[in-house]
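Okay, so here's the structure we're looking at.
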Amino acid sequence: MRLKYFKPFGLMVMATVGFTSCTKVLDENPRAIFTPDYFKTEAGVKGGITSCYAHLRLMFGNGYFLNANQISTDESTWGQNSDGNVKNLDFSGVGDISPETSNTGILWGAAFPNINTASGVIENGAAVGVSDALVAEARFFRAFDYFYLVQTFGGVPLDLGAGELKFNTSKVRTSKRNTVPEVYTKAVFPDLLIAVDKLPDAPRMTGGVTKTVARLLLAKAYLTYGWWLQNPNNIPTYPEAARTDPDGKNAAWYFQQAYDVATAAIAAPGPFGLQATFYDVNYGPNDRNNEILLYADHTEKSSLYNGGDIGYSGGGFGTDQFAHWFEQWNYTGIKSSSSNTAWNAVNSVQRAAVQSLGRPWTMLAPPHGVFKNTFADKVNDSRYDGTFVTKYKANFIEAGVKVGGVQANVLYNANFLPVHNGDPIVTFLNDDVVGVDYSNSTFKSDVGAGVLPGRADFVIEPSAISRICYPGNWKLGPYRTDNNGGLGQPNGSLTRPFPIAKFSELFLIAAEAAVKGATPKAVAGTYANDGTARGLVNVLRGRAGKWRWDNGNNIQKIQDNSAVVMAATPLAITVDYILAERSREFFGEGYRWLDLVRTQKWVEYSSSFQIAGKTNPNDWKDHTIGTFTRNIAAQYYLRPIPTSQLQGMEMTDAEKKAYQNPGYN
């Protein structure tokens, strides 16, 4: 299934929603497209600010946007049901990246209209009596969009038709790209410095931007620009520019700034902080907790305010939340038996709107390295258990499965052993073991799972994980309160907020800056540590060792392995170790491609991977481990400018060719 999203390089004010100063959540009141004159009113400026929040849903929660920032990394490759919209970005010989079909234009189409809206707010806010703090929210979002754009495309235009960073109301049809240093030093850094100064410590409403999230974005921008200046692997940039800073500062200065800003946010977090356990960060009933600094919000109260159909998502909304579908395999193919003497197949795990299940699209599959290397410690470190669905459990009571016209209360699974509602039907094992029989012709899981003697559940070893069958991403799964004892609405657009920025990332930004040479200093406050890369990383690793719930077994587990986990941290922290920690914290959330591009580790980490299904990736019986290679050229560190942008400009073919990033003409 392919959802189509088209957003031109709009320079007029985007369609928006109403503004409220309510202290709970954004109160959206859909309006028509605002006219430029409306921005000269208080209502128009406030509506523009609310629009800045609304535009996040055009990207975050969109499965194709997630794909663009996940696939072709060590975290994700294409899954069984992928088409060219997904495969073209994998560089593994199954497609070719192109400006037309690779969905890298989702960011471009969402960001530029919002940048113009934010500029309208910034220019008119003071004149209509809007506070500096509210205008600072628009500055944050303008910087936010430019930061994402410059990481993805290289230099982008600061002049949308009325001058650099000016609110444009003309239908301009030409464009000129600025250089990377210009985007950072003219747009990203100045706006964020003002945002840090003017934004409040506590949000004016649930989900509102604050000083802390502005500091996180500023620190990350400093860090990323420092890497760009240093350019350790000689990656080309475009438009071509010297790797020098217009203000004469060097990479070391920016790494130090990244460290100082991030540790300042850790020491003075305001109302934010780390959740007690990793499980709690992503647990559906705990959404909008104080570790989530920014999110694209949704609701189950109505399709209109959710931005996506809460009953059945047919792609009618450009703001659908469906990212989780990409990272869930088709578990509905799992079979059990209604008989304990002959295999009479029954679907024992059916679609349900619960966090471990939801709608399966099988678009993105995790390679073996995720389970064997990144999440090697599955016993002490809770992040594996708090990231993946490791047991797919029977829900035939909720599904109303009948045997012989009577509601089933028991089914039979591997070894003809009985399974009851809630029991595991398929389990992904922590490690490879001896004796798993995948060829058994009597007990047919129909998803390629194997049988172990004496076990009622089918099992899959890490080495048998394939493009067809793999642990789904539990963190992003659906959570609803209206299932009423049944399966609920598993096909509807997700109604959870999609996380964009987390307090935990501050520790890893500061640690990475320290590895890059920033001078550490002791960090005071709730998260006091010695300020070294190891000290900062161990704050998160200590939390990772604390359990309150065993997600896989769905039982309480009060256990503190923090001392063991922290002791296992290397004495010398490297960039590679930071990247591993980032993967353990943020796996599958859309960070990975940008992380590998920033550190110029993309080719090193992603050029080769292993996954089962070498001979036939559509055959669930094939457990042959295949080693696959990717051909990632340096030019692909920048994504292509979308064709819709180029076609919409009144420029010569030569000018359009020069506008496009090299390698995509």
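The values are calculated or read from the model by the stated rules, or taken from the named source; none is laboratory data. As the structure is a prediction and not an experimental result, all values here were calculated from the model. In this analysis, Cβ positions are derived from the backbone assuming ideal geometry, glycine residues included, and neighbour counts consider all displayed protein chains.
Some values worked out for this structure:
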| item | result |
| --- | --- |
| Selected residue [hydroxyl-bearing (Ser, Thr, Tyr), more than 20 Å from residue 213 (Cα to Cα) and more than 22 Å from the chain's Cα centre (by Cα)] from 152, 117 | 117 |
| Any hit, the range 343-365, residues being over 22 Å from residue 626 (Cβ atoms), of a type in the set (Phe, Trp, Tyr), crowded, with 24+ Cβ neighbours inside 10 Å and in contact (Cβ under 8 Å) with a residue 40 or more places away in the chain | no |
| Criterion: under 23 Å from residue 68 (Cα atoms) and in contact (Cβ under 8 Å) with a residue 24 or more places away in the chain - qualifying residue of 185, 224, 210 | 224 |
| Where a residue in the range 631-656 is within 21 Å of residue 170 (Cα to Cα) and its partner, wherever it lies, is of a type in the set (A, V, I, L, M, F, W, C), with Cβ under 7 Å and at least six apart | 644/6; 645/9; 645/108; 648/9; 656/646; 656/649 |
| Residues satisfying the stated conditions in the range 569-623, i.e. among the hydroxyl-bearing types (Ser, Thr, Tyr) and not in a loop (DSSP other than H, G, I, E, B) | 577, 583, 605, 606, 608 |
| Residue 197 touching a Lys or Arg at 6+ places or on another chain (Cβ under 8 Å), more than 20 Å from residue 517 (Cα to Cα) and not aromatic (Phe, Trp, Tyr) | no |
| Test for residue 124: is it more than 30 Å from residue 64 (Cα to Cα), in contact with a Phe, Trp or Tyr (Cβ under 8 Å, 6 or more places away or on another chain) and buried (at least 20 other Cβ atoms within 10 Å of the Cβ) | yes |
| Any hit, the range 131-143, residues being surrounded by fewer than 24 Cβ atoms within 10 Å (Cβ to Cβ) and on the phi > 0 side of the Ramachandran plot | no |
| From 42, 75, residue being under 30 Å from residue 472 (Cα atoms), charged (D, E, K, R) and touching a Gly at 6+ places or on another chain (Cβ under 8 Å) | 75 |
| Filter pass, residue 560 being without any contact (Cβ under 8 Å) to a residue 24 or more places away in the chain, crowded, with 18+ Cβ neighbours inside 10 Å, out of contact with any Cys (no Cβ under 6 Å at 6 or more places or on another chain) and not assigned by TED's automatic domain parsing to the domain that holds residue 437 | no |
| Unique residue being over 21 Å from residue 147 (Cβ atoms), in a helix (DSSP H, G or I) and out of contact with any Gly (no Cβ under 7 Å at 6 or more places or on another chain) when the list is 548, 543 | 543 |
| Residues within the range 461-499 that are small (Gly, Ala, Ser), in contact with a helix residue (DSSP H, G or I) (Cβ under 9 Å, 6 or more places away or on another chain) and not in a loop (DSSP other than H, G, I, E, B), tallied | 1 |
| Members of the range 384-435 found to be touching a Ser or Thr at 6+ places or on another chain (Cβ under 7 Å), β-branched (Val, Ile, Thr) and in a loop (DSSP other than H, G, I, E, B), listed by number | 389, 390 |
| All helices (runs of 4 or more DSSP H) inside the range 23-101 with 2 or more residues being at pLDDT 95 or above and buried (at least 24 other Cβ atoms within 10 Å of the Cβ) | 42-54, 63-68 |
